[in-house]
1. Considering only residues that are facing chain B (nearest Cβ under 7 Å) and closer than 30 Å to B:Gly299 by Cβ, look in the stretch A:198-226 and name the one that is surrounded by the most Cβ atoms within 10 Å (Cβ to Cβ).
2. Does any residue in the stretch C:284-304 that is among the basic types (Lys, Arg) come within less than 6 Å, Cβ to Cβ, of a residue that is assigned to a helix (DSSP H, G or I) six or more places away or on a different chain, and which pairs are these?
3. For the stretch A:141-166, name all the residues that are farther than 19 Å from A:Gly53 by Cβ and in a strand (DSSP E or B).
4. Of all residues in the stretch A:93-148, how many are polar (S, T, N, Q) and closer than 11 Å to B:Ser104 by Cα?
5. Can you name the residue in the stretch A:227-253 that is under 18 Å from B:Ile281 (Cα atoms) and of a type in the set (Gly, Ala, Ser) and, of all such residues, is surrounded by the fewest Cβ atoms within 10 Å (Cβ to Cβ)?
6. At pLDDT 95 or above, assigned by TED's automatic domain parsing to the domain that holds A:Thr170, surrounded by 17 or more Cβ atoms within 10 Å (Cβ to Cβ) and part of a loop (DSSP other than H, G, I, E, B): which single residue out of A:Ala100, A:Ala75, A:Ala61, A:Ala79 fits that description?
7. Can you list the helices (runs of 4 or more DSSP H) found entirely within the stretch C:61-120 that contain at least 3 residues being closer than 22 Å to C:Leu319 by Cα?
8. Among the listed residues B:Leu261, B:Leu242, which satisfies the condition of being under 20 Å from B:Val217 (Cβ atoms) and at pLDDT 95 or above?
Amino acid sequence: MNIVILVKLVPDLVEELTIDSSGVALDTAWLRLIINEFDDHAIEQGILLKERGGGQVTVVAPDIEGVDDVLFTAAAKGADRLIKVKGDFTGVNNHALARAFTAVVKELQPDLMLTGVQANNDLDGSVGPLLAGCLEMPYVGYISGVSLNEGKSKVRKEYPGGLIAEMDVTLPAVLGIQAAEQPPRYVAVSKVRQMMKTSTIEERTVSGLDMVGGPTIGRMFKTEAGQHATMLTGSPDEVAAKLVGIFKELGVL
Amino acid sequence: MSQDIYVVIEHLRGQVSEISFVMLAGARDLVKGLGGNVVAVLLGHDAQGLAGNLAADKVLYFDHPALAEFTSDAYQKVLIGLISKDQPRVILFGSTSIGTDMASTLSIKLGLPMVSSCRSFSAGGKFVSQICGGKIMVEGDLPGPTALVTMVPGGYKAEQGQSAQSPAITLVDVPALESLRVTLANYIEPEAGDVDIAKEPVLVSVGRGIQNQDNIVLAEELAKALGGVVSGSRPVIDQGWLATSRLVGKSGKSVKPKVYLAFGISGAPEHVEGITNSDTIIAINTDPAAPIFGVAKYGSEIDLFDLIEVLTEKVKQSKGG
Amino acid sequence: MTANGAGEHSFYDQVLESTPDGERLRLCLQCGDCSGICPFGYLMIHPPSRMIAHLRADRFEKVLATDTVWMCVSCYACTAVCPAQIPLTPGLMARTKEELILAGNVPAELQSALENSQRYGNPLGESPRKRADWATGIVPEVKILSKVRKKVDVMWFVGDYPSYHPRVQLITKALTKVLNALGVDFGILGPEESSDGDSQRLAGERGLFEMLAEKNGMAFNKYEFNEIITTDPHAYNAIKNEYPGLDISFPIRHYTEFLADRLDQLKPLLKREVKAKVTYHDPCYLGRANGIFDQPRTILQAIPGLELVEMSHNHKNSLCCGGGGGGMWLDGFQWEKAHVRLSEWRVSEALAAGAEILAVACPYESPRFEDATKTVQGAGQLKVRDIAELLVEAMGN
């Protein structure tokens, strides 16, 4: 079973986000980029499938700041091959990224492609279904469980309210992972450092990143606080008394 | 080619999802500026009844056993034919487990531009999307000639997309649906026998701030005193501290209580999505910058552990013990 | 698990090599004192003495198959009591936790704290850029060394919880007042400071500890100062005892040592009475691990009106608050197993000693003990105050 995992790095929301002087993009000066949380789950799911049924796991990511650490961490978790796609990915949208991944994936000829179901900076759809479109493969997203059989996979697709749809998908296919079957495992720093010495990151180059298909941003701005809650202050006793008053007003008490 | 706005209706097991009505409301907003009709696109099997209260100018209905429940392959095959032929101005999809299975792939297959996470449309037919956990807004012209748009709730109320009158339904021929690569095997129900939080008038909801499972009993006491039940945000359910049926938010339930009391919940968009139909939201969070204060009517920065038991006592007292 | 055969670098060998005097493990008498004194020993399937028995019998897989080593809060009680002077805490316990981490067996809370430490330089997951935000608005302005760029007398290593945790920030601000009142020329690293890494080291993440230490070492080497002081006994322990092994050597004192030295200057400033029975909790890493028992007491006794009483466990056999060795980030896990918290035991002891104030000198303690006062019967009136906060009260500010 040849599994390929597509990963991207996204803005870390712990840091404060600001708009740059162009007014249509995020200021990169203090921007920290981290692995897309759902892609981290995709890596975990891929490793789990390999541990259960054998096979090879390849992780592919664009060459942007922080990518080496992401790839070596994946290796420490059990990924077999690491591929970095080189190109100028600044301000690149998902359509371009999916097209860049397409060339690499065609070379690897995987049975299964896993990627996060979405990312926090998606504005033109998500990488998974875009990639499926480029490769003309089936796509199912919001996956929280995968099992593999000869040439087919049975997936658990999440719907709201805890409802799950079990679907059969013919391979090769692209799956958008919502949650791996177990939370992404911890990797000791020493293991990652060891991988930096023993693993290699292969490189592929893409010429020209084609962004056609995404929207043009007219204006980017921070969400206004807009209406803000009326704040209740005072001691616990005072706040509790105010709340009881509000409950009475609302007819709840 | 037309200026029509097509809305891909989402339904699951005989129920039209709320996002469908939100999209219809959005579509109505768009046609005000762009002209054209709001056209509901309904795929299903023996599902005409689902069109009953859609606020659309007309319904295009595709009937086939393979469309009875959503699967990405079958639905896409139908939509590719429809969109290529009709070339509407905009096609709206839900930013959901159903809509996102289709929209991006269709963008590539049809060579049509797309915008995702759209919350509303502003004057002149511009899209307004939210990204980065709801912290950043993006506005821009709707790309042309045909744009695929996925929508998130929050910008329009579901009622605005509902109609008392049934729109006209046109039955459309379905293309051959064979060699489908994605098929539905079965559904798995969530744990039964628990409360339906969507029907409760008072919800005492807890987030990460509750810190551990043992503190949930504090919320339960308050909920009991107020005649409600306990619900939670994703981190609490993920830890197994509350059953999945208690999850409020994008992957859980949309609730519409009289009072939604949020304790230690930051207010990430995925959660807020589930509470926008509440009458009154009251948020307790020690972080003054928590996004929840932007949707709550009342709030307090007080530590929930300082407040909750005192509040429960006062509520009990006001009821006379 | 490889055999303890000659020529093989077995886990046993690794434990022996993990600390300078690790070889003492061979002298274990199996007396069981360690397991007996361990506050959670009764809950561990394999308390320390049994771990050694399994190790020497080449059956350590049995220990690694369980998760009860995560009940260890690295309090050093076992190490302090061992008649063979085996370095149990930094050697056996830390190395066993490390083995579990390498196998990917980490309780979820702890995993977050470790990942946050890696990514943000603090276990709380706060932005490193905000590490000095606590100092905003303080007059005179707290010197941040990257901005001030001149020699200071004292570099104050503030620490994670003192920088970010709202309760502990109050203590940080209190110490700032005391230092300013004494005219101390001090500066802080602010955003350039990373977690000292000691609790992460004892929780089994040796690699993470080294990474954090290296970063701190680079920051220390950029500036000129005569000594380092800290409110955090864990940082004290790391910088004093562990950093030199990584070629990062700087003189460091706990703030109670620093202030005790300046008692003649400090006493005249303590004009207001703090009329209360106060009991002092010896932090594990200040007291038991580093032998500093007297200076904090000397300072407390200099406060007018203060009556110092001792709890039944004091000085070397003080009871841990439960925060060390990763305990701060294992609360859920430990609660599931124990249904009692060490901090609650300690608060009960403070009440039994007749104390009105529980004095502390470690940043983990004030949030832990204050939480405990809410759950222990009769502890509602017990106040928890860091020594710095009591000094500020006595200064009349």
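1. A:Met220
2. Cβ pairs passing all conditions: C:Arg288/C:Ala80; C:Arg288/C:Lys316.
3. If the condition is that a residue be farther than 19 Å from A:Gly53 by Cβ and in a strand (DSSP E or B), then A:Gly141, A:Tyr142, A:Lys157, A:Glu158, A:Ile164, A:Ala165 are the ones that fit.
4. Adding up the residues that qualify gives 2.
5. Restricting to residues being under 18 Å from B:Ile281 (Cα atoms) and of a type in the set (Gly, Ala, Ser), the top hit is A:Gly251.
6. A:Ala79
7. C:77-81
8. When all the criteria are applied, what remains is B:Leu261.
The values are calculated or read from the model by the stated rules, or taken from the named source; none is laboratory data. Everything numeric here is computed off the predicted structure, so don't read it as measured data. A quick note on method: Cβ atoms are made from the backbone with ideal geometry, for glycine too, and the neighbour counts reach across all protein chains shown.
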